[in-house]
Amino acid sequence: QVQLVESGGALVQPGGSLRLSCAASGNIFHIVAMGWYRQAPGKQRELVAALTSGGSTTYGDSVKGRFTISRENAKNTVYLQMNSLEPEDTAVYYCSIRAYTSAISWDDYWGQGTQVTVSS
């Protein structure tokens with residue numbers, strides 16, 4: 001099985017910074033892509049940032065220039081550096097990966113979510 005564990009969520013003041021981490025473990029043969037999504041109360045889940053194994057990145061329009069996604073190649077870990085946080089960034093943040101568990105089988109996996117609250 002594949003498990004994702006997020007950490008780093010916290011209460012932070014507007015304009016502050018926060019770094020989220022996501023560690024993947026289990027029967028991972030190859031990770032195709034890693035990403036962060038978020039869901040605020042009453043809203044649909046939206047893409048925050050994504051990173052492919054080839055190094056290409058994608059960011060949601062609302063976080064461009066403020067958030068940065070990165071990975072630690074030596075480990076199955078992805079990070080989300082969040083700067084200039086705004087109250088609108090308040091949400092539960094979910095880590096997701098698309099990974100092969102064998103040479104021929106792949107699926108999408110999700111973490112349990114970590115709460116980020118931006119408030120004074």
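Descriptive notes on the structure:
- Scoring G9 on the criteria (1) surrounded by 15 or more Cβ atoms within 10 Å (Cβ to Cβ); (2) part of a strand (DSSP E or B); (3) not polar (S, T, N, Q) leaves a single failure, condition (2).
- Test result for S53, out of contact with any His (no Cβ under 9 Å at 6 or more places or on another chain), open to solvent by 30 Å² or more (accessible area, probe 1.4 Å) and of a type in the set (S, T, Y): no
- Residue in region 1-29 that is farthest from the chain's Cα centre (by Cα), counting only those that are among the hydroxyl-bearing types (S, T, Y) and within 30 Å of S84 (Cα to Cα): S17
- Of the residues making up region 63-118, those that are surrounded by fewer than 20 Cβ atoms within 10 Å (Cβ to Cβ) and either of a type in the set (D, E, K, R) or touching a helix residue (DSSP H, G or I) at 6+ places or on another chain (Cβ under 6 Å) (or both) are K64, R66, R71, E72, K75, E86, E88, R98, D107, D108.
The values are calculated or read from the model by the stated rules, or taken from the named source; none is laboratory data. All values derive from a computational prediction rather than experimental measurement. Cβ atoms come from the backbone with ideal geometry, glycine included; neighbour counts cover every protein chain shown. When the accessible area is computed, the model is the full protein with side chains, heavy atoms only, and any ligands, DNA or RNA have been set aside. Shrake-Rupley method; radii C 1.70, N 1.55, O 1.52, S 1.80 Å.
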